[in-house]
Amino acid sequence: MPAGAGRRGLPPGRHLCWLLCAFTLNLCQAEVPVREEKLSVSTSNLPCWLVEEFVVAEECAPCSNFQAKTTPECGSTGYVEKITCSSSKRNEFKSCRSALMEQHLFWKFEGAVVGVALVFACLVIIRQRQLDRKALEKVRKQIESI
């Protein structure tokens, strides 16, 4: 008898499951009325560099001790650049990532990867030696039993 012969439809108890799945899909596809409210974004509390063009006045540099305590932009990376916004002519500080900091982070990552690779290479070598010893012991026992 071929596979599935004699069966008609779904196994008992599965009809309800498929019915619930179909009903759920229909509910998910039903259109929900969308409210057409315009959300106005106040640009007064946003930094000017988010909403307008700017020119970098001072390149990315490490924060001084005073800046680290007084300027919130120094908190995330420890580096800031001074910018001048074009239309509002405001001078502001903007957090930035320095190339030197990125280079240090890259080499730390590379060192960690090499370290992990060495640890796992040593584990592989140790395991291979264990398996080789077990195989040799098994062969030795088989030869002794002859």
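The values are calculated or read from the model by the stated rules, or taken from the named source; none is laboratory data. All of these numbers come straight from a predicted model, not from anything done at the bench. Cβ coordinates were reconstructed from backbone atoms using ideal geometry, including for glycine residues, and neighbour counts include every protein chain displayed. Surface accessibility is based on the protein's heavy atoms, side chains included, excluding ligands, DNA and RNA. Shrake-Rupley method; radii C 1.70, N 1.55, O 1.52, S 1.80 Å.
Report Rg (one decimal) and Dmax (nearest whole number) for the range 72-140, counting Cα atoms only, units Å.
26.1, 86
Applying the Karplus parametrisation 6.51 cos²θ - 1.76 cosθ + 1.60 with θ = phi - 60° to the phi angles of the range 64-72, what ³J(HN,Hα) value in whole Hz is obtained for each residue in order, glycine and proline being reported as x?
Listing the rounded values in order: 6, 4, 5, 4, 4, 8, 9, 9, x Hz.
Any chance you could run the full-extension gain for ASP132 through ALA68? It's 0.36 nm times the residue separation minus the Cα-Cα distance, nm to one decimal. It would help to have the intermediate numbers written out before the result.
Numbers: separation 64, 0.36 × 64 = 23.04 nm, distance 5.88 nm.
Taking ASP132 through ALA68 to full extension adds about 17.2 nm, to one decimal.
Want the number for ALA57 to MET101: 0.36 nm per residue separation, take away the alpha-carbon distance, what's left? Let's see the in-between values first.
Working: separation 44, 0.36 × 44 = 15.84 nm, distance 2.06 nm.
Separation in residues times 0.36 nm, less the Cα-Cα distance, equals 13.8 nm.
Taking 0.36 nm per intervening residue step and subtracting the Cα-Cα distance, what contour gain separates LEU123 from ARG140 on full extension? Could you put the intermediate results ahead of the total?
Working: separation 17, 0.36 × 17 = 6.12 nm, distance 2.57 nm.
Length gained, LEU123 through ARG140: 3.6 nm.
Dipole of the range 35-146 (Lys/Arg Cβ +1, Asp/Glu Cβ -1, origin at the Cα centre): which of ASN65, VAL116, THR84 lies farthest to the positive side?
VAL116
If you roll a 1.4 Å probe over the range 55-124 with all protein chains in place, what percent of the accessible area is carbon or sulfur? Write down the numbers at each step before the final one.
Numbers: 3330 of 5040 Å².
Its accessible area is 66 percent carbon and sulfur atoms.
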